[in-house]
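The values are calculated or read from the model by the stated rules, or taken from the named source; none is laboratory data. Values in this document were obtained by computation on a predicted structure and should not be read as measured data. Note: ideal-geometry Cβ built from the backbone for every residue, glycine included; neighbour counts use all protein chains shown. Side chains are part of the model used for accessible areas, which takes the heavy atoms of the whole protein and leaves out ligands, DNA and RNA. Shrake-Rupley method; radii C 1.70, N 1.55, O 1.52, S 1.80 Å.
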Amino acid sequence: MRQTVLSFSNHINSIPSGFVIHSQNSTQLRIHILENDLIRVQVLPEGQPRLERTWMMVNEHGQMPREGRQRDDLSPFSLPQFAHQMDDSILQFETDVLRVQFHFAEGALHWKTTDGQAFADDLPRRAYAHNAEGRDVFHYLRRRPDEYYYGFGERAGPLNKKGLRMRMLNVDALGYDAESGDPLYKHFPFYITYLPDLNIAYGLLYDNLATTIFDMGKEIDAFWGDYRYYHALDGDLDYILIYGPTIAEVVEKLAKLTGRPLLPPRWSLGYLGSTMQYTEVPNAQESLKQFAKDCATHDIPCDLFHLSSGYTTDDAGRRNVFTWNRKRIPDPRAMVDDFHQAHMHLAPNIKPYLLKTHPQYATVAAKGGFIQQADNDSPQISTFWSGGAGEGGEGAYVDFTSEAGYSWWQEQIQSALLDYGIDAIWNDNNEFEIWDDAALCAGFGQAIPISLARPLQTLLMGHASYHAVAQNRPQERPFVLSRSGCPGIQRYAQTWSGDNNTSWKSLRYNIPMGLGLSLSGVPNNGHDVGGFHGPKPDAELLVRWVQNGIFHLRFCIHSWNIDNTATEPWMYPDVLPLIREAIHFRYRLIPYLYSLLFESAQTGQPIIRPLVYHFPDCPTESFDFMLGPNLLVASVLEPGARERTLYLPAGTKWFDFHTGEGYVGGQTITVAAPLDRIPLFVPAGGMLPLGKLMRYVGEQADDLRELIVFPPNGEGTASFTLFEDDGISLDYQQGAYATVEIHLETDAKSIALSCNIKGNLSELSYTKILCIFPSKESRAIRVVAQQQTPRLDSANRPVIDLYLKS
């Protein structure tokens, strides 16, 4: 490699959105002031983009055309006015929020707030570089000792990625090490830098889907000092600096750029059953039917089952997407009906490749529906896990940038799956592991090398599956799951952390993986509870994993155990009551989860949040997290532990959810953690809405709301907003929903509750909310403008009815 640092002259052209800075050759550095707090920087060694389109950043309507958007289309942005000045050495421009300088001799940008707080700097004389004999591009920045780095999508290790080097190349990382494994399944070239001393956070989003390396201080060079860098093996150096100044504001602005997450159906918040084992046995249809029976027998609620790929095997054991093994599943329609009679939805596994032995391989090849070789029109051949005696087989990937491949895919989803009554789609093995970078994607008429498009294929696979389901059920919200992904996948699918290893380490380190993904614009995520690959979990590990998993949006027990067992809630009778209790609590918590989901769909706010998201004194906490603003989850992550030591963030009082005991924040405490529960804490003013326990979402009238309230001790105010709609249709987009805003005011002697109902939903399913307070609460409790009298419940807690009035 010939890494060449790019240098620039003071030859500048002004453009309506900013500046073009030239070098002595064709290289350009373009600066676009998109918003007062969003600055885009493009470094173009050839003077123009290598890929003229983007699929990462949505248009002004929050949408992304299938064929992508032109990179130079700035219509989604307001392009505000800005002041600027220049001399022979410096170009300076200033918005209402930021003051930025470009030093010509250094070839570097320096970032400040308008009041002069310096928060980011390129590395002088090395900021922007490229490979003079290849296509690599680089961005170097100074690294401060007081910085913390979050995001990067789904990455192994702690929440703070300082000192790590990460490679973004999506692979099928079966049984990965959740503490150190790299690379993994997803490509998210985005991270947040947090400077607690300045109370400033900002994000860097690189619009490039080529294989990428982020080095956050693992590399050290005495001459250059402390630095960090971005390195893409191809594509454009095109990034946006997103100024917060809070972490929450960075995440919200990121969501507006890449698309806010979809609002899934309410039933997706239930328990999602799965295991590979059921479809691998000769009598698969009977095994699948037995799962539904066992859920009923053991009183385990369940709303969806994942149909693993064994249903697609042929007589040789090869997996052929969109086919049915009629020996294992003689009557697919009857199987679907069995699940529906048990009130479970069904999501079959589909993979984006066809083996050469697939019955439709020749048809798709003749249509030009595969990714093609670089030097001819033949399919690019790869080796895939075929499932035949553990062996691989040759085949080709479907090209979702070709009309033929995209249309064929949607037609097969309809005829092979949806026509049987299938409800949802599970996109799997969609990392697009093609190792010839020159292989060609059709690119909707403008060919794109796979080096720039591996994650793009994953994204468009999600787009195709989502819209196939949407076209089949136009009045309902589609539900799609995708293992791989990149920025934008949240517009179409839920995701998870892939094929994790069954271990206490995975339970622990999957937590920051989900938190990083949540900070990267993908709040709808989770993990394979119990572990996917390896030995079956022992009873204690399964209990602790379920107790953790119920607080993630995706709550799914999934497995492919090496002893051919299936991980199931009832696999250990001695602890079944504990697992049942945890799953029951998950179902009661759905009103809280669904309200957080709606907020997320409107703003991009994550559901699970690192403590630092709300509390600046917790910049390195990786394993305790917030579920929304009102619940701190302290999972038990070690075998044999029956107590937990944890830090309660400063700035508020905390209440033990189980006991009601109060604690001052800013201290480390040790609390009991018996096997039947994990520690949960609620900040002062926190409110947790609960609903009715059901065997599946919608089993009964949703006519119960309880609100667990932990009021401040002295003067204070707090609020929480419940979101209510039908949970399945798209009518909410036309305003068919209601919000119930609950307000709390306290002083030393009294507590006052009130509510405000907004929206166009004609009738809520409940008429009152039962508000429940800690047993030690002795202040006078009243409901504003209502004549309600508090009373004690069976647990000796003060309760009062809050009747709903619009």
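Simple rule: put +1 on each Lys or Arg Cβ and -1 on each Asp or Glu Cβ in the chain, find the dipole, and look at Asn501, Ile33, Ser465; the Cα lying farthest toward the positive end is Asn501.
Between Thr297 and Gln341, residue separation times 0.36 nm minus the direct Cα-Cα distance comes to 14.3 nm. Rounded, prolate or oblate: which fits segment 399-513 when a ≥ b ≥ c are the square roots of the eigenvalues of the alpha-carbon gyration tensor, with rounded for a/c under 1.5 and prolate only if a/b beats b/c? Oblate. Shape of the chain from the C-alpha gyration tensor: oblate (a/c of 1.5 or more and a/b not above b/c, with a ≥ b ≥ c the square roots of its eigenvalues). At an R0 of 45 angstrom, the distance between the Cβ atoms of Asp87 and Gln48 translates into a FRET efficiency of 0.95. Label sites at Asp538 and Leu804, each approximated as a point 7 angstrom past Cα along Cα to Cβ, lie 4.8 nm apart. Pairs with C-alpha atoms separated by more than 18 Å, drawn from the list Lys653/Lys776; Lys161/Lys256; Lys186/Lys351; Lys505/Lys536, are Lys161/Lys256. In this structure, Asn283 and Asp731 have a Cβ-Cβ separation that, at R0 = 51 Å, corresponds to a calculated FRET efficiency of about 0.75. Segment 564-632 and segment 122-190 have Cα centres spaced 27 Å apart.
Straightening the chain between Ala132 and Phe223 buys 30.5 nm, computed as 0.36 nm per residue apart minus the Cα-Cα spacing. Place +1 on the Cβ of every Lys and Arg and -1 on the Cβ of every Asp and Glu in the chain, take the dipole about the Cα centre, and give the residue among Tyr353, His743, Ser268 whose Cα lies farthest towards its positive end. After comparing all options, I get His743. Figure legend: label point modelled 7 angstrom from the Cα of Asp72 along Cα→Cβ; residues of segment 231-258 with amide N under 20 Å from it are 235-240.
Each helix, a run of at least 4 DSSP H residues, gives -39500 (n - 2.57); summed and divided by the residues of the chain, these come to -5000 deg cm²/dmol at 222 nm. In a reduced charge model with +1 at each Lys and Arg Cβ and -1 at each Asp and Glu Cβ, the chain shows a dipole moment near 840 debye about its Cα centre. Beyond a 30 Å Cα-Cα separation, which of these cross-linked pairs lie in this structure: Lys293/Lys692; Lys162/Lys253; Lys692/Lys749; Lys253/Lys805? Over 30 Å apart, Cα to Cα: Lys692/Lys749; Lys253/Lys805.
Based on protein heavy atoms only, the chain ends up with 35 Å² per residue of surface accessible to a 1.4 Å probe. In terms of accessible area, using a 1.4 Å probe and ignoring ligands and nucleic acids, Thr258, Thr297 rank largest first as Thr297, Thr258.
Remark: the Cα gyration tensor places segment 123-196 in the oblate category, a/c being 1.5 or greater and a/b not exceeding b/c. A Förster distance of 22 Å, applied to the separation of the beta-carbon atoms of Arg167 and Gln3, puts the FRET efficiency at 0.80. Model label sites at Asn25 and Ser378, defined 7 Å from Cα along the beta-carbon direction, differ in position by 3.7 nm.
Which listed residue (His103, Asn59, Ala83) has the Cα farthest towards the positive end of the charge dipole for segment 44-119, taking +1 on Lys and Arg C-beta and -1 on Asp and Glu C-beta about the Cα centre? Looking along the dipole axis, the top candidate is Asn59.
Of the peptides 477-484, 280-287, 196-203, the ranking by mean beta-carbon count within 10 Å, highest at the top, reads 477-484, 196-203, 280-287. Among the protein heavy atoms of the chain, carbon and sulfur supply 47% of the accessible surface, probe 1.4 Å, non-protein parts ignored.
Site pair Lys356 and Asp115 shows an inter-label distance of 6.8 nm when each label is modelled 7 Å from Cα along Cα→Cβ. The aspartates and glutamates whose alpha-carbon is closer than 13 Å to the alpha-carbon of Lys327, local same-chain residues fewer than 8 away aside, are Glu280, Glu286, Asp314, Asp315.
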